[in-house]
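Visitor: Below you will find the structure I want to go over with you.
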Ligand SMILES: [Zn+2]
């Protein structure tokens, strides 16, 4: 039994030191999509391929989720342990903007144009005790 | 081709009405509209109606009379009222019918709407990880817009201030208490930069309109309002819409832009001809963005328009004179028709304490909502 599994298959490459989002690219018109799609929402073609969308990008817009959402939100948190989280769209090298949770959760630490990188985080444990994982972005370490 | 006139206006007050079902609130509005036109349900040849959570609109015949008329239920998200009006417009313009009723009502549970990923073609992870909230989308859209077009936080507060001030002089509004700039600015934050007083809430209410051929209108009212255009449009690839796990590299114009341009073209007029407008304001950012998307000002001009009071009741282009969704709440099935109801009163000169003083001849209504749909009506006397 694995200790950790993706919450949903096919969203990101993992385990990996440098995880990457996975999406699709249209073989007809070249448009990208996340999550991957069998058909293209730009041109309607049914010819698409799975591609890596990269590990990093820049923050295009953001907000902070300040209260614990009700269903369908499903984590191990309680109203007492809930911590606000950032939400944003991160612009990837291919130009696609992907919606994501953000590690940073205060207006002081978020700004449009910030360099961001992908990390994989636990969401909750299932009945077998396996940790279910999802993706989020966080401010990139200055290199 | 014959023109279309609105000759009867009816509303059930918006807000909370625990003693009435949604359907009953729809019936109250329908009876009021029929009485306003001096006619009755038996004279209606057709009806178009819609509700999200209030039940099947055509069940209204059990309350209004089983007359055998064509009653079609319309459900089109936030554009339900606009779509019903468009159907009535087409039915009369085509010559199929002379006269009919449009009605919308709703009764939502308290608190934010609770959408499920599957209903939107999304997988469960999207909701489970906390991305399925419309409040986040609205916040992120205005956040980017403020960055791109130099809109300040002060302008957000001013839109809410105007909404509650107008609501305070609207007898059928839900929120009838004016709020100060400071009260609004210091309300609890919901989703940065939008706080509690900057969002509208789900609510209850009903609204109805009686429409007929314009050449018959004088039989029913001395003050008919002409429906010059009734347009509904959906989104294009690349428009920034709610519940989108990803967005295209190039941002396309929203469906509001295409609906607005088509409506002006049908009516043969332009934004400069409009005297009073209702623009969808599910939150303050929406009203700001919709001022530009509907062609009334350039992106960024909202900053000085709000400061100079251009959109106040006594301004050059009064916007949301009844307090809009912010003060009325949003019973989805009825909300778009409320906008038309308000504009008709303004054009008749019967809007009471909130009557705009510029002797308006042309009015405009606009809705926008999930999943990327927009409806625009142009009205004239
Ligand atoms: Zn394509």
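Visitor: Give me the pairs, please: first residue somewhere in the stretch A:30-52 and closer than 16 Å to residue B:246 by Cα and more than 9 Å from chain B (Cβ to nearest Cβ), second residue anywhere and in a loop (DSSP other than H, G, I, E, B) and more than 8 Å from the ligand (Cβ to nearest atom), beta-carbon distance under 6 Å, and either six or more positions apart or on two chains.
Guide: So the pair list comes out as A:39/A:46; A:50/A:36.
Visitor: Determine whether residue A:72 is in contact with a helix residue (DSSP H, G or I) (Cβ under 9 Å, 6 or more places away or on another chain), part of a loop (DSSP other than H, G, I, E, B), closer than 30 Å to residue B:252 by Cβ and more than 16 Å from the ligand (Cβ to nearest atom).
Guide: Here the answer is yes, as residue A:72 does meet what is asked.
Visitor: Just give me the residues in the stretch B:137-180 being within 21 Å of the chain's Cα centre (by Cα) and under 30 Å from residue A:133 (Cα atoms), in sequence order.
Guide: Of everything in the stretch B:137-180, those that are within 21 Å of the chain's Cα centre (by Cα) and under 30 Å from residue A:133 (Cα atoms) turn out to be B:137, B:138, B:139, B:141.
Visitor: Which fully enclosed strands (runs of 3 or more DSSP E) of the stretch A:17-67 have 1 or more residues being within 16 Å of the ligand (Cβ to nearest atom) and over 20 Å from residue A:138 (Cα atoms)?
Guide: A:20-26, A:48-54
Visitor: Of the residues B:118, B:110, which is farther than 30 Å from residue A:38 by Cβ and within 14 Å of another protein chain (Cβ to nearest Cβ)?
Guide: From the options B:118, B:110, the qualifying one is B:110.
Visitor: When you check residue A:94 against the structure, is it surrounded by 13 or more Cβ atoms within 10 Å (Cβ to Cβ) and either touching a residue at least 60 places away in the same chain (Cβ under 8 Å) or closer than 15 Å to residue B:245 by Cβ (or both), yes or no?
Guide: Yes, satisfied.
Visitor: Out of (1) in contact with a strand residue (DSSP E or B) (Cβ under 6 Å, 6 or more places away or on another chain); (2) surrounded by fewer than 21 Cβ atoms within 10 Å (Cβ to Cβ); (3) at pLDDT below 95, the odd one out for residue B:356 is which?
Guide: (3)
Visitor: Any residue that is modelled with pLDDT of 95 or more, under 23 Å from residue B:10 (Cβ atoms) and in a loop (DSSP other than H, G, I, E, B) - is there at least one of those in the stretch B:206-220?
Guide: yes
Visitor: Assess whether residue A:77 counts as being within 11 Å of chain B (Cβ to nearest Cβ) and either without any contact (Cβ under 8 Å) to a residue 40 or more places away in the chain or more than 16 Å from the ligand (Cβ to nearest atom) (or both).
Guide: So residue A:77 fits the description; yes.
Visitor: Somewhere in the stretch A:84-92, is a residue modelled with pLDDT under 95 and within 13 Å of chain B (Cβ to nearest Cβ)?
Guide: Within the stretch A:84-92, none of the residues are modelled with pLDDT under 95 and within 13 Å of chain B (Cβ to nearest Cβ).
Visitor: For the stretch B:29-135, please list each of the strands (runs of 3 or more DSSP E) lying entirely inside it that holds at least 2 residues being touching a helix residue (DSSP H, G or I) at 6+ places or on another chain (Cβ under 6 Å) and crowded, with 18+ Cβ neighbours inside 10 Å.
Guide: Where strands (runs of 3 or more DSSP E) fall fully within the stretch B:29-135 and carry at least 2 residues being touching a helix residue (DSSP H, G or I) at 6+ places or on another chain (Cβ under 6 Å) and crowded, with 18+ Cβ neighbours inside 10 Å, they are B:46-50, B:99-107.
Visitor: Against the condition within 13 Å of another protein chain (Cβ to nearest Cβ), without any contact (Cβ under 8 Å) to a residue 12 or more places away in the chain and touching a helix residue (DSSP H, G or I) at 6+ places or on another chain (Cβ under 7 Å), how does residue B:187 come out, does it pass?
Guide: yes
Visitor: Within the stretch A:6-23, is even one residue facing chain B (nearest Cβ under 7 Å) and surrounded by fewer than 18 Cβ atoms within 10 Å (Cβ to Cβ)?
Guide: no
Visitor: Additional query: If you take the residues of the stretch A:99-119 that are within 12 Å of chain B (Cβ to nearest Cβ) and under 15 Å from the mean Cα position of the chain (by Cα), which of them is farthest from residue B:132 (Cα to Cα)?
Guide: The qualifying residue farthest from residue B:132 (Cα to Cα) is A:104.
Visitor: For the stretch A:60-74, does any single residue satisfy the condition of being out of contact with any strand residue (DSSP E or B) (no Cβ under 7 Å at 6 or more places or on another chain), at pLDDT below 95, within 9 Å of chain B (Cβ to nearest Cβ) and loosely packed, with under 13 Cβ neighbours inside 10 Å?
Guide: Among the residues of the stretch A:60-74, at least one is out of contact with any strand residue (DSSP E or B) (no Cβ under 7 Å at 6 or more places or on another chain), at pLDDT below 95, within 9 Å of chain B (Cβ to nearest Cβ) and loosely packed, with under 13 Cβ neighbours inside 10 Å, which makes the answer yes.
Visitor: Picking from B:79, B:87, which residue would you name as being farther than 17 Å from residue B:12 by Cα, touching a strand residue (DSSP E or B) at 6+ places or on another chain (Cβ under 7 Å) and modelled with pLDDT of 95 or more?
Guide: One residue alone meets the criteria, B:87.
Visitor: I need every pair where a residue in the stretch B:253-275 that is closer than 14 Å to residue B:375 by Cβ has its Cβ under 6 Å from the Cβ of a residue that is part of a helix (DSSP H, G or I), sequence separation at least 6 or different chains.
Guide: Sorted first by the residue in the stretch B:253-275, then by its partner, the pairs are B:254/B:293; B:256/B:293; B:257/B:293.
The values are calculated or read from the model by the stated rules, or taken from the named source; none is laboratory data. Every value quoted in this text rests on a predicted model; they were computed, and no experiment measured them. Cβ atoms come from the backbone with ideal geometry, glycine included; neighbour counts cover every protein chain shown.
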